[in-house]
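Reading through the C-alpha coordinates given below for one structure.
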Amino acid sequence: MINFEELTAIIVTYKTNRKILFDCINSINSQIKIIIIENNNDIILKNEIEAEFENVKVILSKENLGYGGGNNLGIKHSDTRYVFISNPDTVYSKDFFQNIKYYINSDLEFSLIGASYPNDNYLPYGGFTNRITDQYKKKEYNNFGLKDVDWVVGCSMLLDLKNIKMNVLFDENFFFFYEETDLCRRIKKLEGKVFNSNKLIVNHLGQSGSIGSEKDLKLEAEKFRNWHLMWSEFYYYKKHNGFLSAFRKIIGKLLRSVFKIFFFTITNQREKKIIYKYRFSGIINSILGKKSWYRIKK
(Lines give C-alpha, C1' and ligand atoms only; values in the text may rest on other atoms or scores of the structure.)
Protein backbone atom coordinates (compact mmCIF):
# COMPACT_ATOMS: atom_id res chain seq x y z
CA MET A 1 0.00 0.00 0.00
CA ILE A 2 1.25 3.50 -0.86
CA ASN A 3 1.80 5.81 2.10
CA PHE A 4 3.64 9.01 2.94
CA GLU A 5 6.93 7.32 2.06
CA GLU A 6 5.96 7.88 -1.58
CA LEU A 7 5.37 11.62 -1.09
CA THR A 8 7.80 14.56 -1.06
CA ALA A 9 6.75 18.13 -0.32
CA ILE A 10 8.64 20.90 -2.13
CA ILE A 11 8.76 24.50 -0.92
CA VAL A 12 10.50 27.23 -2.94
CA THR A 13 11.41 30.25 -0.85
CA TYR A 14 13.04 33.63 -1.38
CA LYS A 15 13.36 36.09 1.52
CA THR A 16 10.23 34.66 3.12
CA ASN A 17 9.50 35.87 6.66
CA ARG A 18 10.96 33.23 9.00
CA LYS A 19 7.83 32.87 11.12
CA ILE A 20 5.65 32.43 8.02
CA LEU A 21 8.01 29.78 6.62
CA PHE A 22 8.27 27.90 9.92
CA ASP A 23 4.48 27.98 10.33
CA CYS A 24 4.21 26.33 6.92
CA ILE A 25 6.76 23.61 7.76
CA ASN A 26 5.12 22.91 11.13
CA SER A 27 1.72 22.49 9.49
CA ILE A 28 3.00 19.73 7.16
CA ASN A 29 2.76 16.17 8.50
CA SER A 30 6.16 15.30 9.98
CA GLN A 31 6.14 11.88 8.27
CA ILE A 32 6.47 13.63 4.91
CA LYS A 33 9.90 14.36 3.44
CA ILE A 34 10.30 18.07 2.69
CA ILE A 35 12.73 19.67 0.25
CA ILE A 36 13.15 23.42 0.52
CA ILE A 37 14.74 25.24 -2.40
CA GLU A 38 16.27 28.38 -0.89
CA ASN A 39 16.58 30.87 -3.75
CA ASN A 40 18.28 33.49 -1.58
CA ASN A 41 21.19 31.11 -0.72
CA ASP A 42 20.80 31.83 3.00
CA ILE A 43 23.17 29.34 4.64
CA ILE A 44 22.12 30.48 8.12
CA LEU A 45 18.49 29.69 7.32
CA LYS A 46 19.50 26.30 5.89
CA ASN A 47 21.39 25.35 9.05
CA GLU A 48 18.60 26.62 11.29
CA ILE A 49 15.88 24.64 9.49
CA GLU A 50 17.84 21.41 9.16
CA ALA A 51 18.77 21.55 12.86
CA GLU A 52 15.14 21.90 13.89
CA PHE A 53 13.37 19.56 11.44
CA GLU A 54 14.61 16.02 10.84
CA ASN A 55 12.36 15.54 7.78
CA VAL A 56 13.56 18.68 5.97
CA LYS A 57 16.44 19.08 3.51
CA VAL A 58 17.36 22.57 2.34
CA ILE A 59 19.02 23.03 -1.05
CA LEU A 60 20.72 26.33 -1.85
CA SER A 61 19.97 27.07 -5.49
CA LYS A 62 23.05 29.34 -6.07
CA GLU A 63 20.79 31.75 -8.01
CA ASN A 64 17.19 32.94 -7.86
CA LEU A 65 15.43 30.37 -10.03
CA GLY A 66 11.92 31.63 -9.39
CA TYR A 67 8.89 29.43 -8.75
CA GLY A 68 9.18 27.19 -11.81
CA GLY A 69 12.93 26.72 -11.80
CA GLY A 70 12.98 26.15 -8.05
CA ASN A 71 10.29 23.48 -8.23
CA ASN A 72 12.05 21.78 -11.15
CA LEU A 73 15.19 21.58 -9.00
CA GLY A 74 13.18 20.19 -6.08
CA ILE A 75 11.54 17.55 -8.27
CA LYS A 76 14.97 16.60 -9.62
CA HIS A 77 16.15 15.90 -6.06
CA SER A 78 13.02 13.97 -5.04
CA ASP A 79 12.83 10.19 -5.41
CA THR A 80 9.12 9.62 -4.80
CA ARG A 81 6.21 8.98 -7.13
CA TYR A 82 4.15 11.80 -5.64
CA VAL A 83 5.23 15.40 -5.16
CA PHE A 84 3.35 18.06 -3.22
CA ILE A 85 4.22 21.62 -4.27
CA SER A 86 3.61 24.25 -1.61
CA ASN A 87 4.16 27.98 -1.42
CA PRO A 88 5.98 28.98 1.78
CA ASP A 89 3.14 31.30 2.84
CA THR A 90 0.57 28.55 3.33
CA VAL A 91 -0.72 26.81 6.45
CA TYR A 92 -2.43 23.42 6.49
CA SER A 93 -4.94 21.86 8.86
CA LYS A 94 -4.29 18.38 10.30
CA ASP A 95 -6.85 16.72 8.03
CA PHE A 96 -5.29 18.22 4.89
CA PHE A 97 -2.63 15.53 4.60
CA GLN A 98 -4.98 12.79 5.68
CA ASN A 99 -7.05 13.71 2.63
CA ILE A 100 -3.89 13.66 0.48
CA LYS A 101 -3.08 10.22 1.90
CA TYR A 102 -6.56 9.11 0.84
CA TYR A 103 -5.89 10.25 -2.73
CA ILE A 104 -2.51 8.54 -3.05
CA ASN A 105 -3.73 5.32 -1.42
CA SER A 106 -6.75 5.01 -3.70
CA ASP A 107 -6.96 3.71 -7.25
CA LEU A 108 -7.66 7.26 -8.42
CA GLU A 109 -5.95 8.20 -11.70
CA PHE A 110 -4.75 11.79 -11.77
CA SER A 111 -1.85 13.90 -12.96
CA LEU A 112 -2.41 16.95 -10.76
CA ILE A 113 -4.82 17.94 -7.98
CA GLY A 114 -5.15 21.52 -6.81
CA ALA A 115 -6.42 22.81 -3.47
CA SER A 116 -9.29 25.15 -2.58
CA TYR A 117 -9.57 28.22 -0.34
CA PRO A 118 -11.69 28.36 2.83
CA ASN A 119 -13.88 31.10 1.32
CA ASP A 120 -15.20 31.99 -2.12
CA ASN A 121 -13.36 35.31 -2.55
CA TYR A 122 -10.96 33.75 -5.06
CA LEU A 123 -11.65 30.95 -7.51
CA PRO A 124 -8.89 28.30 -7.15
CA TYR A 125 -9.38 26.85 -10.64
CA GLY A 126 -10.58 27.86 -14.07
CA GLY A 127 -10.97 27.13 -17.74
CA PHE A 128 -8.90 28.28 -20.67
CA THR A 129 -11.79 30.58 -21.64
CA ASN A 130 -14.28 32.50 -19.49
CA ARG A 131 -17.13 30.41 -20.91
CA ILE A 132 -15.44 27.18 -19.81
CA THR A 133 -14.73 28.67 -16.37
CA ASP A 134 -18.44 29.40 -15.97
CA GLN A 135 -19.21 25.79 -16.87
CA TYR A 136 -16.76 24.51 -14.25
CA LYS A 137 -18.38 26.70 -11.58
CA LYS A 138 -21.70 24.92 -12.16
CA LYS A 139 -20.12 21.47 -12.14
CA GLU A 140 -20.55 19.31 -9.01
CA TYR A 141 -17.69 17.64 -7.15
CA ASN A 142 -17.64 13.82 -7.34
CA ASN A 143 -17.48 11.32 -4.47
CA PHE A 144 -13.72 11.92 -4.16
CA GLY A 145 -14.33 15.65 -3.67
CA LEU A 146 -12.88 16.32 -7.13
CA LYS A 147 -13.92 17.89 -10.39
CA ASP A 148 -11.87 18.05 -13.56
CA VAL A 149 -10.81 21.57 -14.59
CA ASP A 150 -8.36 23.18 -17.01
CA TRP A 151 -6.02 24.76 -14.46
CA VAL A 152 -5.57 25.24 -10.70
CA VAL A 153 -3.75 27.78 -8.56
CA GLY A 154 -0.13 26.90 -7.86
CA CYS A 155 0.13 27.56 -4.12
CA SER A 156 -0.67 23.91 -3.24
CA MET A 157 -0.65 21.11 -5.82
CA LEU A 158 -0.38 17.32 -5.59
CA LEU A 159 1.37 15.71 -8.58
CA ASP A 160 1.57 12.07 -9.62
CA LEU A 161 4.82 12.05 -11.60
CA LYS A 162 3.96 8.63 -13.03
CA ASN A 163 1.07 10.24 -14.91
CA ILE A 164 2.94 13.32 -16.15
CA LYS A 165 4.82 12.46 -19.32
CA MET A 166 7.38 15.27 -19.24
CA ASN A 167 11.09 15.33 -18.50
CA VAL A 168 10.92 18.93 -17.22
CA LEU A 169 7.66 20.08 -15.68
CA PHE A 170 7.81 23.86 -15.45
CA ASP A 171 8.73 26.20 -18.30
CA GLU A 172 11.58 28.21 -16.79
CA ASN A 173 11.06 31.09 -19.21
CA PHE A 174 8.36 32.13 -16.74
CA PHE A 175 9.76 33.65 -13.56
CA PHE A 176 6.55 34.75 -11.86
CA PHE A 177 2.87 34.21 -12.85
CA TYR A 178 1.28 31.70 -15.26
CA GLU A 179 3.72 28.85 -14.49
CA GLU A 180 1.04 26.52 -13.11
CA THR A 181 -1.47 27.48 -15.82
CA ASP A 182 1.09 26.61 -18.48
CA LEU A 183 1.92 23.33 -16.73
CA CYS A 184 -1.75 22.33 -16.51
CA ARG A 185 -2.27 23.20 -20.17
CA ARG A 186 0.64 21.02 -21.26
CA ILE A 187 -0.54 18.16 -19.02
CA LYS A 188 -3.99 18.29 -20.59
CA LYS A 189 -2.51 18.35 -24.09
CA LEU A 190 -0.88 15.02 -23.19
CA GLU A 191 -4.30 13.74 -22.03
CA GLY A 192 -3.40 14.01 -18.35
CA LYS A 193 -6.06 14.64 -15.70
CA VAL A 194 -6.20 17.91 -13.76
CA PHE A 195 -8.57 18.18 -10.80
CA ASN A 196 -9.58 20.69 -8.16
CA SER A 197 -10.37 19.27 -4.71
CA ASN A 198 -12.86 20.67 -2.21
CA LYS A 199 -11.33 18.41 0.48
CA LEU A 200 -7.89 20.02 0.31
CA ILE A 201 -8.44 23.41 1.94
CA VAL A 202 -5.45 25.72 2.24
CA ASN A 203 -4.93 29.02 4.04
CA HIS A 204 -2.80 31.09 1.68
CA LEU A 205 -1.44 34.45 2.81
CA GLY A 206 -0.56 35.58 -0.71
CA GLN A 207 0.96 39.06 -0.89
CA SER A 208 0.63 39.53 2.86
CA GLY A 209 3.19 36.76 3.25
CA SER A 210 5.69 38.07 0.71
CA ILE A 211 8.28 40.84 0.73
CA GLY A 212 5.46 43.15 -0.36
CA SER A 213 4.24 43.02 3.24
CA GLU A 214 7.32 45.02 4.29
CA LYS A 215 6.64 48.75 4.06
CA ASP A 216 10.05 49.69 2.68
CA LEU A 217 9.74 47.09 -0.11
CA LYS A 218 6.08 47.55 -0.97
CA LEU A 219 6.70 49.65 -4.09
CA GLU A 220 9.51 47.36 -5.25
CA ALA A 221 7.16 44.38 -4.85
CA GLU A 222 4.43 46.13 -6.85
CA LYS A 223 6.86 46.98 -9.64
CA PHE A 224 8.02 43.36 -9.71
CA ARG A 225 4.49 41.91 -9.63
CA ASN A 226 3.12 44.17 -12.38
CA TRP A 227 6.13 43.77 -14.68
CA HIS A 228 5.99 39.96 -14.50
CA LEU A 229 2.21 39.75 -14.72
CA MET A 230 2.29 41.55 -18.05
CA TRP A 231 5.42 39.80 -19.37
CA SER A 232 4.08 36.36 -18.49
CA GLU A 233 0.59 36.99 -19.81
CA PHE A 234 1.82 37.88 -23.30
CA TYR A 235 4.39 35.06 -23.32
CA TYR A 236 1.77 32.50 -22.21
CA TYR A 237 -0.73 33.44 -24.91
CA LYS A 238 1.98 33.68 -27.57
CA LYS A 239 3.25 30.24 -26.64
CA HIS A 240 -0.16 28.57 -26.87
CA ASN A 241 -2.09 30.72 -29.36
CA GLY A 242 0.50 32.52 -31.48
CA PHE A 243 1.86 36.06 -31.62
CA LEU A 244 -1.14 37.77 -33.25
CA SER A 245 -3.63 36.24 -30.82
CA ALA A 246 -1.45 37.25 -27.87
CA PHE A 247 -1.09 40.77 -29.25
CA ARG A 248 -4.87 41.14 -29.61
CA LYS A 249 -5.21 39.90 -26.03
CA ILE A 250 -2.71 42.40 -24.60
CA ILE A 251 -3.21 45.52 -26.77
CA GLY A 252 -5.93 46.96 -24.51
CA LYS A 253 -3.65 46.70 -21.46
CA LEU A 254 -0.78 48.23 -23.42
CA LEU A 255 -2.85 51.27 -24.42
CA ARG A 256 -4.32 51.55 -20.92
CA SER A 257 -0.82 51.61 -19.46
CA VAL A 258 0.19 54.49 -21.76
CA PHE A 259 -2.94 56.44 -20.79
CA LYS A 260 -2.43 55.78 -17.08
CA ILE A 261 1.24 56.87 -17.21
CA PHE A 262 0.16 60.17 -18.82
CA PHE A 263 -2.76 60.64 -16.40
CA PHE A 264 -0.78 59.91 -13.25
CA THR A 265 2.03 62.18 -14.48
CA ILE A 266 -0.20 65.22 -14.87
CA THR A 267 -2.03 64.48 -11.59
CA ASN A 268 1.31 64.03 -9.77
CA GLN A 269 0.56 60.50 -8.52
CA ARG A 270 4.13 59.24 -8.55
CA GLU A 271 3.75 55.69 -7.24
CA LYS A 272 0.83 54.83 -9.52
CA LYS A 273 2.73 56.24 -12.49
CA ILE A 274 5.73 54.04 -11.64
CA ILE A 275 3.56 50.91 -11.40
CA TYR A 276 2.06 51.50 -14.85
CA LYS A 277 5.49 52.23 -16.30
CA TYR A 278 6.52 48.75 -15.15
CA ARG A 279 3.34 47.21 -16.59
CA PHE A 280 4.15 48.89 -19.91
CA SER A 281 7.77 47.71 -19.73
CA GLY A 282 6.72 44.12 -19.03
CA ILE A 283 4.43 44.08 -22.06
CA ILE A 284 6.98 45.67 -24.39
CA ASN A 285 9.80 43.35 -23.32
CA SER A 286 7.60 40.31 -23.88
CA ILE A 287 6.38 41.54 -27.28
CA LEU A 288 10.00 42.08 -28.33
CA GLY A 289 10.84 38.52 -27.31
CA LYS A 290 13.18 39.52 -24.49
CA LYS A 291 13.71 37.18 -21.56
CA SER A 292 11.96 37.68 -18.24
CA TRP A 293 14.86 39.60 -16.77
CA TYR A 294 13.44 42.02 -14.19
CA ARG A 295 14.29 41.30 -10.54
CA ILE A 296 13.78 43.21 -7.29
CA LYS A 297 16.79 45.32 -6.44
CA LYS A 298 18.54 44.38 -3.21
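The values are calculated or read from the model by the stated rules, or taken from the named source; none is laboratory data. As the structure is a computational prediction, the values presented were derived from the model and not from experiment. Using ideal geometry, Cβ is built from the backbone for each residue, glycine included, and neighbour counts are taken over all protein chains shown.
Tabulated data for the structure shown
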| read-out | value |
| --- | --- |
| Every residue from the range 254-293 that is surrounded by 16 or more Cβ atoms within 10 Å (Cβ to Cβ), polar (S, T, N, Q) and out of contact with any Lys or Arg (no Cβ under 6 Å at 6 or more places or on another chain) | Ser281, Asn285, Ser286, Ser292 |
| Residue within the range 221-229 that is at pLDDT below 90, assigned to a helix (DSSP H, G or I) and either over 25 Å from Arg279 (Cα atoms) or among the aliphatic types (A, V, I, L, M) (or both) present | yes |
| Answer from Ser281, Ser257 - the residue that is in the same structural domain as Ala221 (by TED's automatic domain parsing) and touching a residue at least 40 places away in the same chain (Cβ under 8 Å) | Ser281 |
| Single match in Leu45, Leu21 (criterion: within 18 Å of the chain's Cα centre (by Cα) and in a helix (DSSP H, G or I)) | Leu21 |
| Candidate set from the range 122-180 (those that are among the aromatic types (Phe, Trp, Tyr) and out of contact with any helix residue (DSSP H, G or I) (no Cβ under 8 Å at 6 or more places or on another chain)); member that is nearest to Leu7 (Cα to Cα) | Tyr141 |
| Top-ranked residue in the range 21-60 [being at pLDDT 95 or above and of a type in the set (Gly, Ala, Ser); ranked as surrounded by the fewest Cβ atoms within 10 Å (Cβ to Cβ)] | Ala51 |
| All positions within the range 7-19 that are modelled with pLDDT of 90 or more and surrounded by fewer than 19 Cβ atoms within 10 Å (Cβ to Cβ) | Arg18, Lys19 |
